[in-house]
Amino acid sequence: MLRNSDGRRATVDEMVGDWRAVRAEGAVVVASRTAASHYRPFTRLSMPDRVINTLVRARVVSFLDQLYERRPFMLSYPVSCAMALVDVRYNPAGVALYGNANGIPAMWNAFDPTSPDFNPVRAVGLFEQIWIGRGGDRYQVRHYQRLRWLWEGVSIPGTNLRSATA
C-alpha cells in the first residue's frame, strides 16, 4: 500500500514513476533505512513501516520454509544456524545458497548428519570461505555475525554436533 505525501493511495502510474526513478538512480547496497533516505529525493511515495515489516517477515519466512524443505536435516540444528543461513539467503553476495558452485555442496554435506562428510565444524569453515571478502565492509561485518550464529549453533552442549567431529 503505497501512499502519496498527502496520504492518497498511489496510482499504478505513480508507482511505475517511482520505480523508474529508483532504477535510474542505480542500486545502493546499504542498510534498508539508509537506502530509503538515499532514494527519498528521487521518489514521491511512501509505505508504512507495518506494511514493510509484513513484507519482510513474509520473505524471511519463505526463505526459512525453503531451507527446511530443501535441507530437512537443518531442523536438528539450533535456530541460530538456520538464522545465519536464512540471513545469507536474504542478503546474497553473488553466491547461490542452493547452487553447485563455490563449495556450496560440500558445505551442505558437512552440515548433513547422514552424509559420510558430516562435520559441522568443517561446514562452518566452508561457510566462512565461501562468503569471505564478498561485498563491502558492511557486508563483511554481517558475515562475521553469521559466523557467530553458526558457531553458537554447532557449539551448544547437548546437540552433539561439535563433539561428533572433535
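Every number in this text was worked out from the coordinates using simple rules, so none of it is lab data. Not measured: the values here are computed from a predicted model.
Could you give the distance between the Cα centres of the range 7-21 and the range 135-154, to the whole Å?
Here the two parts' Cα centres lie 36 Å apart.
What's the Cα-based Rg to Rh of the range 38-105, Rh via Kirkwood?
We get a ratio of 1.10 for the range 38-105.
Using the Karplus curve 6.51 cos²θ - 1.76 cosθ + 1.60 with θ = phi - 60°, what ³J(HN,Hα) values do you get for each residue of the range 39-44, in whole Hz, with x for Gly and Pro?
Taking θ as phi minus 60°, the curve returns 7, 3, x, 9, 10, 10 Hz for the range 39-44.
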